[in-house]
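What follows is a set of notes on a single structure, which appears directly below.
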């Protein structure tokens, strides 16, 4: 009976470790808050898809932060600038992009990162849709980044990301404000799994 219990606990721990490791390696996210303009929380989820990186942008509503908006632009830094020259992007809502290594505005002069608290020019910028939600409120969009040599999530870990949104206001329809947001991306450490492993080992010893 004791042997079976230990075997079951070890199997459970292995399954949990495998699941956590897969999630840890395959996706992570970065949240952005306004550095100028109306209150807004934007989220960028990065996902490893083969040798490419898929990015999904959305607005997040939570208590005290209920606004949504129309994505006009997204900027990001990458840890290896030598990859910028070979970088390519595909996405249904993309209208312009600039991977020159020093990007403040993209698509139009008004689609920029100007304002107090701005992160300044960044490595790359992507423009989406029609300004001000004239083509419909684009509160979520996605695109895929590729490179001939392949891309990994580690290239974006710890890097600054930023966004420009118009038609900002209460979800789900937005309003008449605008916002520019900034944040950092971070791959989480597997601390939860370590604590779980210690708990299982302790239980086995008590048995």
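A few points about this structure:
- Hits in segment 118-131 - residues which are within 20 Å of the chain's Cα centre (by Cα), free of Cβ contacts under 8 Å to residues at least 40 places away in the same chain and more than 18 Å from residue 37 (Cβ to Cβ): 121
- Matching option when the condition is surrounded by fewer than 17 Cβ atoms within 10 Å (Cβ to Cβ) and either without any contact (Cβ under 8 Å) to a residue 24 or more places away in the chain or more than 23 Å from residue 118 (Cβ to Cβ) (or both), among 157, 149: 149
- When residue 148 is tested against (1) touching a strand residue (DSSP E or B) at 6+ places or on another chain (Cβ under 8 Å); (2) over 16 Å from residue 46 (Cβ atoms); (3) part of a loop (DSSP other than H, G, I, E, B), exactly one condition is not met: (1).
- Of note, residue 188 does not satisfy the criterion of being assigned to a loop (DSSP other than H, G, I, E, B) and at pLDDT 95 or above.
- Test for residue 72: is it modelled with pLDDT under 95 and either over 24 Å from residue 152 (Cβ atoms) or surrounded by fewer than 21 Cβ atoms within 10 Å (Cβ to Cβ) (or both): no
- Looking across segment 56-79, just one residue is in a strand (DSSP E or B), over 22 Å from residue 118 (Cα atoms) and in contact (Cβ under 8 Å) with a residue 40 or more places away in the chain, and that is 56.
- Looking at 61, 48, just one residue is modelled with pLDDT of 95 or more and over 25 Å from residue 172 (Cβ atoms), and that residue is 48.
- For segment 83-117, the set of residues classified as assigned to a loop (DSSP other than H, G, I, E, B), under 19 Å from residue 49 (Cβ atoms) and touching a residue at least 60 places away in the same chain (Cβ under 8 Å) consists of 87 only.
- If only residues of segment 25-38 that are surrounded by fewer than 16 Cβ atoms within 10 Å (Cβ to Cβ) and not in a strand (DSSP E or B) are counted, the one that is modelled with the highest pLDDT is 26.
The values are calculated or read from the model by the stated rules, or taken from the named source; none is laboratory data. Predicted model, so just to flag it, every value in this text is computed and none were measured. Note that we place each Cβ from the backbone using ideal geometry, even for glycine, and neighbour counts take in every protein chain shown.
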